[in-house]
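Structure record follows, encoded as structure tokens.
The values are calculated or read from the model by the stated rules, or taken from the named source; none is laboratory data. Note that this is a predicted model, so its numbers are computed, not measured. Please note: Cβ atoms are built from the backbone with ideal geometry, for glycine as well, and neighbour counts cover all protein chains shown. For the accessible areas, the whole protein counts, side chains as well, though only heavy atoms, and no ligand, DNA or RNA atoms are used. Shrake-Rupley method; radii C 1.70, N 1.55, O 1.52, S 1.80 Å.
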Amino acid sequence: MKDEEQVKEEEVKNEEQVKVKDEEQAKEENKEQAKEEEEVKNEEQAKEKDDEQAKEEEVTNEEQVMVEKMKNEEQAKVENVSNEEQAKEEVKDEEQAKEEVKDEEKAKEEEVKHE
């Protein structure tokens, strides 16, 4: 009888040990799974953050391009106005030179008349 009781006790003991080991293994697996899920979550958050930063940089770049374009347009306008004013000055100078030539010719004619 003692042998049977001892065998039964050992079986119960072994079953309990197996049960404890299974529970520990399940806990360990749960920890691993939770750890993997956390890593995936962190990777997704990092990707979202990177995507957001890339979008912000794109917007910033677009804004810089627009500002640069506006500066260039403004500079072109200023240069056009400057060129137009310079052309007007040149026309004025040409007209003045013509007037001076006419005045010289008149002066010569007057000299010829007086002689």
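Matching residues to (1) of a type in the set (S, T, N, Q); (2) in contact with a Gly (Cβ under 8 Å, 6 or more places away or on another chain); (3) surrounded by 10 or more Cβ atoms within 10 Å (Cβ to Cβ); (4) modelled with pLDDT of 90 or more:
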| residue | (1), (2), (3), (4) |
| --- | --- |
| Val7 | no, no, yes, no |
| Glu15 | no, no, yes, yes |
| Glu44 | no, no, yes, yes |
| Gln53 | yes, no, yes, yes |
| Glu62 | no, no, yes, yes |
| Asn72 | yes, no, yes, yes |
| Glu95 | no, no, yes, yes |
| Glu104 | no, no, yes, no |
* Please state which one of Glu111, Glu79 is surrounded by fewer than 10 Cβ atoms within 10 Å (Cβ to Cβ) and either assigned to a helix (DSSP H, G or I) or at negative phi (or both). => Glu111
* To do: Considering (1) open to solvent by 100 Å² or more (accessible area, probe 1.4 Å); (2) within 23 Å of the chain's Cα centre (by Cα), say which one Glu37 fails and leave the rest.
  => (2)
